[in-house]
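The values are calculated or read from the model by the stated rules, or taken from the named source; none is laboratory data. Keep in mind that this is a model prediction, so the values were computed, not measured. In this analysis, Cβ positions are derived from the backbone assuming ideal geometry, glycine residues included, and neighbour counts consider all displayed protein chains.
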């Protein structure tokens, strides 16, 4: 059928690398030029749009392309459509929105814009990211795919160059 990466550890490392590259591509430029208060909401929206557009139009993101992976429809072997890509990222959306809401709520704590306030905001955001990433990696290590892939009927496979 499809040539999947037989070694789960290799697949896990490749997908982790792709996710880190994608996060850097989207969030680093935004973080440099976005004022405090929208630092989470803007990257969340951009990251979801980035993933949706690239998965549905190309079958890969910049990160996946660089590590040699692509997303395909499990049934047809073609790149996923817009609805399928949106279904694939629906679990991801929930996690990212939870992180953004947590950080935005911290803005209403009446402590002013102190270094401590900024530190708490970033610690909450970073810990949410760590939890989401750990759950994501656990899914791949346990079953070789994410629940988002299962829900959307997609699979991540090595890209043919």
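Residue pairs whose Cβ atoms lie under 7 Å apart, sitting 6 or more positions apart in sequence or on different chains, and linking a residue in region 1-24 that is farther than 20 Å from residue 54 by Cα to a partner that is assigned to a loop (DSSP other than H, G, I, E, B) and modelled with pLDDT of 80 or more, are 2/77.
Sort through 75, 59 and tell me the only one that's at pLDDT 90 or above, under 21 Å from residue 13 (Cβ atoms) and assigned to a loop (DSSP other than H, G, I, E, B). Walk me through how you get there before you give the answer.
Details: 75 fails: under 21 Å from residue 13 (Cβ atoms).
Unique residue meeting the criteria: 59.
Residues are listed down the side, and each one gets a yes or a no for (1) modelled with pLDDT under 80; (2) within 24 Å of residue 140 (Cα to Cα); (3) in a helix (DSSP H, G or I):
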| site | (1), (2), (3) |
| --- | --- |
| 9 | yes, yes, yes |
| 17 | no, yes, yes |
| 28 | yes, no, yes |
| 45 | yes, no, yes |
| 49 | no, yes, yes |
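Criterion applied to 70, 64, 87 was being modelled with pLDDT of 75 or more and farther than 19 Å from residue 14 by Cα, and the one residue passing it is 87. Consider residue 92 carefully, then state whether it is in contact with a helix residue (DSSP H, G or I) (Cβ under 9 Å, 6 or more places away or on another chain), within 14 Å of residue 19 (Cα to Cα), buried (at least 17 other Cβ atoms within 10 Å of the Cβ) and modelled with pLDDT under 70. It is false that residue 92 is in contact with a helix residue (DSSP H, G or I) (Cβ under 9 Å, 6 or more places away or on another chain), within 14 Å of residue 19 (Cα to Cα), buried (at least 17 other Cβ atoms within 10 Å of the Cβ) and modelled with pLDDT under 70.
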